[in-house]
Structure formats: structure tokens, C-alpha cells
Amino acid sequence: MLTIPGQSKRFCDGFSRRNFLRIGALGMGGLALPQLLQAEAASGLRSGHKAVIMIYLPGGPPHQDTFDLKMDAPAEIRGEFKPIPTSVPGFQICEHLPRLAKCADQYALIRSLSDAVDDHSDFMCQTGRRKNQQPPGGWPSFGSCVSRVLGAADPAVPAFVGLEPRMQHRPYNAATAGYAGVAHDAFRPAADAKSDMVLNGITTDRLADRRSLLTAFDKFRRDVDASGLMSGLDGFNEQAFGMLTSSRLLEALSVEKESAALRERYGKGDIKVHGDAAPMMNEQFLVARRLVEAGARFVTVAYGFWDYHGNNFGNARNDLPMLDQGVSALLEDLKQRGLDKDVSVLMWSEFGRSPTINKDAGRDHWPRANCALLAGGGMKVGQVIGATDRLGGEPSERPVQYGEVFATLYQNLGIDVNKVTIPDLTGRPQYLVPDGCQPMKELVG
């Protein structure tokens, strides 16, 4: 942590009362942009800038009351909501998602995710793997792998940006860079810390002096580090300095630059945190679009609190319209800006909900069936993949693994999951997805 002379503010709050953009420590200990990015390219890089936006719904929304309604099931299972038609013939979704119904031709829906675990954690959604039997260093998140393999598309913009807050239930933030290295963990900005990006009174010459000092201390640090996690930081410093001396990232975070009409289309959502997860801040979707347009390769958003053990239908009536507005706005915005072929969008959660409505009018955890929405990326959209049985409890057609979805997204980014590996901390090469997981032919051919 360092206060630069001439400044009234620190660049870095070491204990992170704010969640994002800690830019300090330009002296001992290295350049502590807490998540630095590597600019090293690897095999599988496709020409052009491809990107992914992941929307994580912590807690697990009820699939039977959103995208997989079961009107032929008994009353204690089918619930209170009615299906409505979409722009795709034969495809129906919940009546409280009318905007997503109108743009159903812009996304594909998987109704048969089958390999979740009963664990309130983002780990499966961020890695495609289970926590048990991890290799040395731990499984890295998708964004960390993308950062490690592809590096930054723009030296002033991180490859991997995490917009999710630090949630009260800490396992919702469980995924890390693992053996990909701490330099490839998510870079986390927030509105209340944007001012930390401004170099008030600091010239590029003074930054250059600090770069020389940093190099000496950083070499010492790597020499004494035995874990392997800190290796290779020299290459990251260049991008860190690029981020400090460019306004590109700061501008991408500034939704005020968008028209009032577009911001109104996205909506505000709800800035309050209900439960122990995330607020429903619709402007995050707009920030995500601005970030990928500016050069980010992977952006994550955590949205809401969906653990409806009680008052399932009352909660959903309140929450679904805000989700409907924000996600539909994102899909339409990407299409109107010509980004839908290059930017993939994924929305999912850690598991689905139980078919039977409990005594508190809620639904409980149900890892055996879940839904996912995928859009953009040049994928085959306007379709439903898989199905569940009459009660919505088990896949009856085309069970899909989380790893297959990740394999598809990697292919959209130009990364061959059958060839590209990242070494764990023992040096053993590890593939990016679990054994047997391949890009989904239904989506990418």
C-alpha cells in the first residue's frame, strides 16, 4: 500500500472496504493492481476480438417458473405462473419474462443441465468442474484461463473483468485463478472507486522511475517465492502501467456516456442486496457491454438472490421483470451494435429448484436439472436444447454438462479445447474442460 507524494488519496486500500480497482503499491511488493493480466498469446488465437459475458444468478432461480414451466404437472409442482409464447414457434417461457419472449430468436435455451452439485457456490458456474480432487493450485476459472491463454486484446483493458461484488455468502465468490496464476484473476472495478484510476499529479516519467524500482523488487519476490504462483509477473507490469496511463478502461466504466434513452432501456433494477448475494443492478449489463467493446475478453456479472426456499412466487414476481428488462436490453444492444457475432452471452446458476413446492411456498435445491441461456457468439440461436420430464426433475432428452457449455464458449473465442493446456503447479499440463466435454454441436456445428 502506497500513498504517492502530492496525492491526498491512496491508490490502494489494502483491506478493500471497497470491492474494486485497487491500484496502489507501486513500490515494495510489486505493482499491486490486484489482478494483473498477461499479454502473452498462445495457440488457438482467432483474428478479431471475441468476448464472453457471463451472468451468474446466485442462489439458483426456479427453472420450473422461468424457462421450463410444467403445466401438465400436479398443482403442487406446476406453480402459479403461466407460460407465454415467444418469437420462436413452439417455445414458451414464463409470463413475467415478456421482453425475453419477444427476442427468443436471439438466444438458445438449454433445459437439461444435469451435473450440478448441491452447493451454494459460483465454482461450478465459473470453472465447469467440481471442487473435489483439484490439482495443485486448484482449478482456475474460465476467465482466468482465457486471460492466461489469450492475454489482453488491448493493453489498457484487462482481459478478465469481474463486476460481481464481494458477497456476504463468500462461496458465491469461491472461484479463483487457481494454477493459472494470481495475475489472471478477475480485475474488479466499481463505481465508487473509479477516481482511483486518475493519476492526479503523477507524470509518466515518475511512473517510469517506479517501474525501474518495481523490477528490482519484483525479481527478488519471485526468487523467494516457491509456489510458482508469482512467476512471470514482468510481462504483466507493462499492461498495468498501460492501464494507469490510459483512460480507456475508465471510459468503459462510465455509463454516463450513453444516451438517456439507452440507459432507460436497461433500467436501474434494485441496488439493495436482498439475502446474502448481489444487488440487481441493471446498469452492470450496460457496463459489461461497454467493457467488451473496449477490449475485455471476459466479463462476469452476479445478479440478485434467487434462493427461494420461501415465498417463491412473490419473490419471482418482484425479481423476474428486472432480470427480463436488463438481459433483453443487453441482447438487443449487442445486436444493434453489430457485436452479437463476436460476443457470447451466458446466463445460468449453480443448480435448479425442486419440483415440489414446500410448506413455505418455496422450492428447495435441485442439482439434477437446470437451465442455461446462451446468445451471440455466432451460435445457432432461436432453439431449445434438451428437455426434462413431466415434473421438471430429471433430464429426459440430451443431458448437458457444464463443461460442454464452457467448451462451446472456448471455441467461440478461438481456443481449441483438445489442444490447449495450462500447467498446474507441478508442471503437469491440464486441459481447459473436463474429460469428454466438447463444443455443443447444436450450437456451433
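Here are the numbers:
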item	result
Unique residue being charged (D, E, K, R) and crowded, with 21+ Cβ neighbours inside 10 Å when the list is Asp118, Asp122	Asp122
Of all residues in the range 165-180 being out of contact with any Gly (no Cβ under 7 Å at 6 or more places or on another chain) and part of a loop (DSSP other than H, G, I, E, B), the one that is farthest from Gly275 (Cα to Cα)	Ala177
First in the range 79-96 and of a type in the set (Gly, Ala, Ser), second anywhere and in a loop (DSSP other than H, G, I, E, B), Cβ under 7 Å, 6 or more apart	Gly79/Ile357; Ser87/Cys103
Hits in the range 367-382 (condition: touching a helix residue (DSSP H, G or I) at 6+ places or on another chain (Cβ under 8 Å), surrounded by 17 or more Cβ atoms within 10 Å (Cβ to Cβ) and not small (Gly, Ala, Ser))	Asn370, Cys371, Leu373, Leu374, Met379, Val381
Identity of the residue in the range 245-280, buried (at least 21 other Cβ atoms within 10 Å of the Cβ) and closer than 24 Å to Val157 by Cα, that ends up modelled with the highest pLDDT	Tyr266
Evaluation of Gly338 against (1) under 26 Å from Ala159 (Cβ atoms); (2) touching a residue at least 60 places away in the same chain (Cβ under 8 Å) (one fails), failing number	(2)
Subset of the range 283-310 [within 30 Å of Asn358 (Cβ to Cβ) and in contact with a Lys or Arg (Cβ under 8 Å, 6 or more places away or on another chain)]	Tyr308, His309
Boolean, Val146 is assigned to a loop (DSSP other than H, G, I, E, B), within 19 Å of Tyr402 (Cβ to Cβ) and aliphatic (A, V, I, L, M)	no
Flag if Asp119 is modelled with pLDDT of 95 or more and within 24 Å of Pro395 (Cβ to Cβ)	yes
Residues that are free of Cβ contacts under 8 Å to residues at least 60 places away in the same chain and in contact with a helix residue (DSSP H, G or I) (Cβ under 7 Å, 6 or more places away or on another chain), drawn from the range 269-308	Gly269, Asp270, Met280, Asn282, Glu283, Leu286, Arg290
Odd one out for Gly128, checked against (1) under 27 Å from Leu291 (Cα atoms); (2) crowded, with 18+ Cβ neighbours inside 10 Å; (3) out of contact with any helix residue (DSSP H, G or I) (no Cβ under 7 Å at 6 or more places or on another chain); (4) in contact (Cβ under 8 Å) with a residue 24 or more places away in the chain	(3)
Matching strands (runs of 3 or more DSSP E) fully within the range 335-445 where at least 3 residues are over 30 Å from Gly79 (Cβ atoms), among the aliphatic types (A, V, I, L, M) and under 22 Å from the mean Cα position of the chain (by Cα)	none
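The values are calculated or read from the model by the stated rules, or taken from the named source; none is laboratory data. The structure presented is a predicted model; accordingly, all values stated were derived computationally and were not measured. Neighbour counts run over all protein chains shown; Cβ positions are idealised from the backbone, glycine included.
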